[in-house]
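Novice: I'd like to ask you about the structure that follows.
Nothing in this text is a laboratory measurement; each read-out follows from the coordinates by a stated rule. Keep in mind that this is a model prediction, so the values were computed, not measured. Positions of Cβ are backbone-derived with ideal geometry, glycine not excepted, and every protein chain shown enters the neighbour counts.
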Amino acid sequence: MASDDTNLDPVTFEVLKNAYVNIVDQMAEQIFRTCYSFVIYSRDFSSALCDAQGDTIMQGSGDIAAHVGTLHYTCKAVIDHFRGDVHPGDVFVINDVYLGGTHFNDTRIVRPIFYRDELLGFAQANGHWADVGGAVPGSFNVNAIDHMGEGLRITPTRVWSKGVCLEDVCRLIASNTRAPADIIGDMQAQAEATRVAEQEICRLVEKYGLPTIKRSFGAVQDYVEVLTRQRIAALPDGVWETEDYIDVDPGSGEGLVPIRVQMTIRGDTVHYDLSRSHPKTISSFLNACFGGSFAAVVAGTKMQFPEIPLNSGFYRVVTMDLGPEGSVVNATWPTPVAGFCSGPFEKIMNSIFELWAEIMPERAMACTFNLDYLLIGGRDGRQSGHKYFMWYDWMVGGWGARNGRDGWAATGPVFGVQLGTQPFEGQERLAPVLTRQNELRVDSGGPGEFRGGMGVEKGVVMTQIDRTVVSYCCDRERSVTWGLWGGLPSIPHGVWVNPGQPNERYLGSLFSNVGLETGDLVTRPSAGGGGLGDPLERDAALVCEDVIDGYVSIERAAKDYGVVVKEIDADLAQYEVDHQATLAQRTYIRANRLAWLAQDAEVIAAKYRAGELDMLDLIRTHGVIVHWGSGELLANTTRQFRAMLMRRTVPYWGKSVAAVGKDASVTLQTA
Amino acid sequence: MASDGIADTAVRVACDVGGTFTDICILNERSGRMHVAKVPTTADPIEGVLAGITAGGVALKDMILFSHGTTLATNALITRRFPPAVMITTSGFRDVIEIRRGNRDDLWDTYKEMAKPYIRRRDRLVVEERVDYAGTVVVPLDEAGAREVATIIKRRGVKTVAICFANAYMNPANERRMRDILADIVPDAVASLSSDIMPEIFEHERFSTTVANAVLAPVVGSYARRLESRMHDGGYQEDVLLLHSGGGVMTTRMAEQFAARLAASGIAAGAIASRFVAEAAGFTNSIGLDMGGTSTDVSLCDHGTLRVTKEWFVEYGYPICFPSIEVLTIGAGGGSLAWIDAANSLRNGPQSAGSSPGPACYGRGGTSATNCDANVVLGRLSDRLAGGKVSLDRALATRALESGVAGPLGMSVEDAALAVLKVANANMADAVRLLSIRRGYDPRDFALVAFGGAGPLHGAALARDLSIPVVLVPPNPGVTSALGCLLVDIQHDVTKMYLSNVADVSIDYLEESFRELEIEGRERLRNEGVSDDRMVFQRKIDMRYLGQWRALSTTVASPVTSLDEAVAAFHAEHGREHNYSRPDAPVEIYRLSVIATGLTTKAAFAEFELIEEAAVPDATRSVRFDELPQAIETPVYDRDRLKAGMKVVGPAMIDQLDSTILVPPGVTAEVDRSLTIVMRIPLA
């Protein structure tokens, strides 16, 4: 605690703490303004100031959530590998997922900070390089069986020595990627950003003296620790538990793959136990190493305490146990993990939200859409010589509904809400891919007393392509974005080609290298957020407003909310609630909905195949999950999905969110 | 200086309407002397403007120029108080402005809301049409559908419409045809076309700017017309000039068409005034520090040019991409609260006591310590402000600091007050650092213009922290922003996308593109009533390293004969702003722009003879300075009685109606010919 340190007065402490925030933000600003990778430009980067032990003193206020809690690991890895051989003007690079990295694209540049000849700490600039080689463009290889198939693994490596760029090393790294010139550009941009930090720290040393600065590095971490402990200590002790699911382990047949999170608050600490998650890695790249899992634990917890700055002080209070190595959340060499951000990361984060909803019901939030990443790569028929093109795309989507408020519409993923989408006008210049639609998807928000945020539908047409394939990294086509406290799920993720046409194809949420032809329409939604609270409790007037804005269709207003809305004059946007019919409809749903969830799943699946029921009927009314293309029933998955609904949704039906929130507090007091 | 034929009563008047006060600057054309007035802002701001002019003792018929900065447009956007508007867009893209880029500025707080789009989904209508990336019409406008949409707009009685089509920056034909059909069916509707408003790539930024323009058009248009007619009724015969965010003015004729350009009007004024004050004192490099009650605006002027940005918004997620003077606003002002957080650290802001209840010393019920209270406790602020109209209660300030800061931290009240200001100053210094050092500017080459009510109290300490050698305090720090409105030319910015590797550029085509932009600029200036001989055009090229995302702007000569100089300038600018350049890397042109300026006749400000006369203090009070171990009885000067050439040796305080100046020990404050106070700060 700052004021306990007799040598560091509270004013100097506050000034220096703010200066460190300022420094990491200066690094971020520099990277943003000079980067080459469009992924970095979309703000997939992070910056940190670390002390001489590699612990984080301050992390950027604009950092991507999926990077937090990992920058000290990579800094420590560099320290371990180069102990006794670190000099002023050196710069190191590392992206090793087995040493605390997230996935290979997230490449960290680490510069020691010297004042004269004394090593004070390290500045780290981490950015998602657009490509780090491997079998597929963008280095997201769904089919990788080990990390060799994913991309270049960079163990701690020196790239500048005493101020001189080691061009041979840089060239070797860049040459193993698909955009060598951009990689060199980004490496330099990141290295220059770390130089900014070094200059600023030296300025502060000149002003405040070396002892003060060195002491402040520890004091800033102590400060965060004290703040966090105070907040945790004010909460009652207890143990809470939940689970969420990855869709499938392609190697083990259909069936959801559990991620189990148990949280224990004891005194002023919070501990997460993930050891009972699926015990083996799955045969896709939706696995996480310890860095990726810890990032989720840190980010999920941090979202409960938005005002607390992030540094290693936080990690002294928030701890985790991943259990034995080799599990889906604790993968080891050489398991591929590039998809950690679509797989375990998302599930851990959303589980943590659910657990905290019990403790702080006033900040409850249902499940949020899943991060996706779509790549179309091939030859551009518009150009002579049909040059290679890559069209990368990721979606924004709906966030979970909250206590007293609907969810955010069309927002970046829990992976990092600053991850902006790309403008299609820019994409169209660079690739023969024309965007046909980029629109909120009607009925995508999970129904509830508070509605999940709206997802987006993006559809693109291949204009003049040649030798072109599409790959996709997502999840939650089966483990559909769920509702909480009686709220209903949103919609499944998944890619369709030419929907409604004779040549329709359903490709699902995880695939690679599927061939495309000129004229093909490739379209997919992002899910909306899950609903919060019983949808039959939603104010009918709000449902009517949603119909007016086209967020909810008249049909689903009746099915999901039991609200009967009549069109008066669509041109004038005039609609009204039929109150009498609404009363009757709500009574009818209340009386039958539990039975609908128990109907023979195969019968329901057959009705889907026959076109009598649609996707939303299956998910929201019957809790049935099928292969959305063929309509084939997924029996194990359906059993698990229905069990999930019986746990998260059914027990809360008939209660208002206000009442459930109060109950949550009551549960808490007796826990 | 005064030329014949100018009446002694002829004045130029500038007016800055803020949230609380309407400030008026009046410059006598013949004498060059300026005086000011301050009146409360009124519900209909026009009443306040007229009241202010009257309070300044000016008759409308004596005004030879009236120029106006206003937060009208900003407020309309924040409060969503504007008449209903409709957006017409390409089928499939109804939600571009709601999807935005999808990102948020607050990353961690799941209960913090994003602002909603300016036009609701129900008011966004679509038509079939499509232009591709190259400007080819791949789907012609569905004319039947277009008429249907226009008919709906007619039925809804909406009078302002944003027309935003995909890739319209490459080919405006479909947008224009839509506008014509709309005009046929709803003749009195005003249309804002994305291809007119901001013909640049990236749909969200272009649509968002266009939508802001459409919703503001009726607000700004009717305000401008009413203001002008009230002015003309009163006998004012010239144009009413409106300050826009780019640092120029528009006449009311163009204001409706480019309404969103007024969205940062209020903020631009302070930066322009700061540049003027510095230049009058002989400094072409200056940093403006405008510190008010709740926030501080920082701007930077390099060699006479204010930094401009195209990334500007009133609410995050809804960019308004007209070039705007870059101003960094931070939540640090006189009313910012000092507080102790849960880990016992002393914090400052961003919460503010605001004007109600205000700082504890105001005696209006505030009990939390603010920067203002700290200044009162230290004797830096007198217990009487605004010539005695406001009295400050030192006992209340002391109590607030005692209970809020001194007690918890176990220090004396005086030390607590010093600590509070030290943290506040450090936060402001960090903001200045972000705008200066981080962009490659060395503060030692700059003068700090300290204004706003609270700026002159903090200026010297900030300058010392940042190694800025000179602090300038203009004659009327509290109304300096209004002065900014007096000083500018009519200005329009026209741009064109020009994505091309420098190595592949045809100089002839480039020259032709610039000429087209100049024709457009000339057209706009003619609409403003500017004669050809008063038009000036400046050409700029935005460039970046091939593969980079952000571009930097450099000025090029007219006509263009070679790009060598521009490319060299780009490398140099990249080196300055980002610490490094890549002279061997290929460079790409991103955008061309022309700044079309209609020169107005500049006002002549009076300069005063420097006199050699000692300044005499009017009083003394006990003041604690950072540099001295205890409070000392300090001479206090009345600024109104300080004449050009007089010197005040610190430690000293200078009180004036709308501000207080702190002159630290060892610093000499000198009144220059334009009555600006110049403090030279010895470097530590």
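Novice: Taking the Cα atoms of the protein assembly as shown, report the difference between the largest and smallest coordinate on each principal axis, in whole Å and largest first.
Specialist: Its Cα atoms span 100, 77, 69 Å along the three principal axes.
Novice: Separate question: Any idea what the relative contact order of chain A is, in percent, if you count C-alpha pairs under 8 Å spaced at least 6 apart?
Specialist: 11 percent
Novice: Also, quick follow-up: Once Rh is set to the Kirkwood radius over Cα pairs, what Stokes-Einstein translational diffusion coefficient, in µm²/s, holds for the range B:77-220 at a temperature of 37 °C and a viscosity of 0.692 mPa s?
Specialist: 213 µm²/s
Novice: Near A:ARG379, within a Cβ-to-Cβ distance under 11 Å, what is the net charge of the other residues, with Lys and Arg +1 and Asp and Glu -1?
Specialist: Numbers: positive: A:ARG382, A:LYS387, A:ARG467; negative: A:ASP380, A:ASP466.
So the surrounding residues net to +1.
Novice: Same structure again: Relative contact order for the range B:570-684 using alpha-carbon pairs under 8 Å, separation at least 6, rounded to a whole percent? Let's see the in-between values first.
Specialist: Working: 171 pairs, mean separation 21.1, N = 115.
After rounding, I find 18 percent.
Novice: Oh, and also: Hey, if you put +1 on the Cβ of every Lys and Arg and -1 on every Asp and Glu Cβ in chain B, which of B:MET679, B:THR79, B:ILE267 ends up farthest toward the positive end of that dipole?
Specialist: B:THR79
Novice: Too long at a 26 Å Cα-Cα cut-off: which of A:LYS280/A:LYS347; B:LYS422/B:LYS643; A:LYS17/A:LYS162?
Specialist: Going by Cα-Cα distance, B:LYS422/B:LYS643; A:LYS17/A:LYS162 fall outside the 26 Å limit.
Novice: For the ranges A:208-217, B:647-656, what's the packing order if you count other beta-carbon atoms within 10 Å of each residue, average per peptide, and put the highest first?
Specialist: B:647-656, A:208-217
Novice: For the protein assembly as shown, with the dipole built from +1 on Lys and Arg beta-carbon atoms and -1 on Asp and Glu ones, taken about the Cα centre, which of A:ASN141, B:PRO45, B:MET646 lies farthest toward the positive end?
Specialist: Most positive-ward Cα: B:PRO45.
Novice: Counting only GluC sites (Glu not before Pro) that sit in a DSSP loop (anything but H, G, I, E, B) with at most 14 other Cβ atoms within 10 Å, what is the longest stretch of chain A containing none of them? Write down the numbers at each step before the final one.
Specialist: Numbers: sites that count: A:GLU307, A:GLU325, A:GLU504, A:GLU517, A:GLU612, A:GLU632.
Result, exposed sites excluded: A:1-306.
Novice: Could you size up the charge dipole of the range B:490-598 around its Cα centre, putting +1 on the beta carbon of Lys and Arg and -1 on that of Asp and Glu, and report it in debye to the nearest 20? Show your work: numbers first, answer last.
Specialist: Working: 13 positive and 19 negative charges, 73 e Å.
Charge dipole, the range B:490-598, about its Cα centre: 360 debye, nearest 20.
Novice: Using the alpha carbon gyration tensor of chain B, what are the three equivalent-ellipsoid semi-axes (square root of 5 times each eigenvalue), largest first, in whole Å?
Specialist: Taking √(5λ) for each Cα gyration eigenvalue gives 45, 28, 27 Å.
Novice: Taking beta carbons within 10 Å but only from partner chains, what does the mean come to for residues A:221-232? Kindly include the intermediate steps, with their values, before the conclusion.
Specialist: Details: counts 0, 1, 5, 1, 1, 5, 5, 2, 2, 3, 1, 0.
For this peptide, the per-residue mean of nearby foreign Cβ atoms is 2.
Novice: Any idea what Rg and Dmax come out to for the range B:619-680 if you just take the C-alpha atoms, in Å?
Specialist: 11.4, 35
Novice: Here is a further query. Output ³J(HN,Hα) for the range A:490-501: one whole-Hz value per residue in order, computed from phi by the Karplus curve 6.51 cos²θ - 1.76 cosθ + 1.60 with θ = phi - 60°, and x for Gly and Pro.
Specialist: 8, 9, x, 6, x, 9, 10, 10, 6, x, x, 9
Novice: Could you rank the peptides B:629-641, A:518-530, B:389-401 by their average count of other C-beta atoms within 10 Å per residue, with the highest value first?
Specialist: The densest-packed peptide leads the list: A:518-530, B:389-401, B:629-641.
Novice: Also, I was wondering about something else. What spacing in nm lies between the two simple spin-label points modelled at A:GLN230 and B:SER391, each 7 Å away from Cα in the Cβ direction?
Specialist: Once both label points are built, they end up 3.8 nm from each other.
Novice: With both partners inside chain B, how many of the DSSP beta bridges are antiparallel, as a percent to the nearest 5? Intermediate values should be presented prior to the final figure.
Specialist: Values: 88 of 122 bridges.
Antiparallel bridges make up about 70 percent of those DSSP assigns within chain B.
Novice: Moving to a separate point now. Report, as an integer, the average count of C-beta atoms from other chains found within 10 Å of each Cβ along A:410-421.
Specialist: Values: counts 7, 7, 5, 1, 1, 0, 3, 9, 7, 4, 7, 6.
Across A:410-421, the average partner-chain Cβ count within 10 Å equals 5.
Novice: As a test of the formula, what do you get for chain B when each DSSP H run with n ≥ 4 contributes -39,500 (n - 2.57) and the sum is divided by the residue count, at 222 nm and rounded to the nearest 500 deg cm²/dmol?
Specialist: -9000 deg cm²/dmol
Novice: Could you tell me the extents of chain A's C-alpha atoms along the three principal axes, largest first, rounded to whole Å?
Specialist: 80, 69, 51 Å, listed from the longest principal axis down.
Novice: Placing +1 at every Lys and Arg Cβ and -1 at every Asp and Glu Cβ, with all other atoms neutral, what dipole size does the protein assembly as shown have around its Cα centre, in debye to the nearest 20?
Specialist: Charge dipole, the protein assembly as shown, about its Cα centre: 1200 debye, nearest 20.
Novice: Sticking with this one: Against the 2.2 N^0.38 Å scaling, with N counting residues, where does the range A:502-581 land? I'd like the Cα-based Rg ratio to two decimal places.
Specialist: 1.56
Novice: From the phi of every residue in the range B:653-664, what ³J(HN,Hα) in whole Hz does the Karplus formula 6.51 cos²θ - 1.76 cosθ + 1.60 yield, where θ is phi - 60° and glycine or proline is x?
Specialist: For the range B:653-664, the Karplus-derived couplings read 10, 10, 9, 8, 3, 10, 5, 9, 10, 9, 10, x Hz, x marking Gly and Pro.
Novice: Report, for the range B:77-220, the % of DSSP beta bridges that are antiparallel, rounded to 5.
Specialist: Restricted to the range B:77-220, the bridges split so that about 15 percent are antiparallel.
Novice: Something else about it: What's the average, rounded to a whole number, of partner chain beta-carbon atoms within 10 Å of each residue's beta-carbon in A:13-22?
Specialist: Values: counts 5, 10, 10, 1, 2, 7, 5, 0, 1, 8.
Partner Cβ neighbours, averaged per residue: 5.
Novice: To make sure I understand the rule: partners must be lysines, Cα under 18 Å from the Cα of B:LYS38, and not fewer than 8 residues away in the same chain. Which ones qualify?
Specialist: Once the sequence-local lysines are set aside, what remains near B:LYS38 is B:LYS389.
Novice: If you don't mind, another one. Where the centre of each part is set by its Cα atoms, how far does the range B:130-182 sit from the range A:283-297, in angstrom?
Specialist: Cα centroid of the range B:130-182 versus Cα centroid of the range A:283-297: 48 Å apart.
Novice: Taking every eigenvalue of the Cα gyration tensor of the range A:2-228, multiplying by 5 and rooting it, what semi-axes result, largest first, whole Å?
Specialist: That gives 31, 18, 15 Å for the three semi-axes.
Novice: Using amide H atoms built 1.01 Å from N in the peptide plane, name the residues 5+ places from B:TYR498, or on other chains, whose amide H lies under 5 Å from its own.
Specialist: Hits under the 5 Å cutoff: B:ARG591, B:LEU592.
Novice: Given a cut-off of under 8 Å on Cα pairs at least six residues apart, what relative contact order in percent is computed for the range A:2-228? Could you put the intermediate results ahead of the total?
Specialist: Values: 430 pairs, mean separation 54.7, N = 227.
Reported relative contact order: 24 percent.
Novice: Evaluate the charge dipole of chain A about its Cα centre and quote only its size in Debye, nearest 20, assuming +1 on the Cβ of each Lys and Arg and -1 on the Cβ of each Asp and Glu.
Specialist: On the way: 59 positive and 82 negative charges, 117 e Å.
Value, rounded to 20: 560 debye.
Novice: Let me ask another. Check A:ALA573: other-chain or 5+ apart residues with amide H under 5 Å from its amide H, H built from backbone geometry?
Specialist: Sorted by chain and number, the residues that satisfy this come to none at all.
Novice: Can I ask one more? Considering only DSSP beta bridges where both residues belong to the protein assembly as shown, give the percentage that are antiparallel (nearest 5).
Specialist: Beta bridges within the protein assembly as shown, antiparallel portion: roughly 80 percent.
Novice: Hey, got the Cα dimensions of the range B:532-667 along the principal axes, in Å, largest first?
Specialist: That gives 65, 45, 25 Å along the principal axes, largest extent first.
Novice: Using +1 at the Cβ of each Lys and Arg and -1 at the Cβ of each Asp and Glu in the protein assembly as shown, identify which of A:ILE184, B:PRO218, A:ALA541 lies farthest towards the dipole's positive end.
Specialist: The residue sitting farthest along the positive end of the dipole is A:ALA541.
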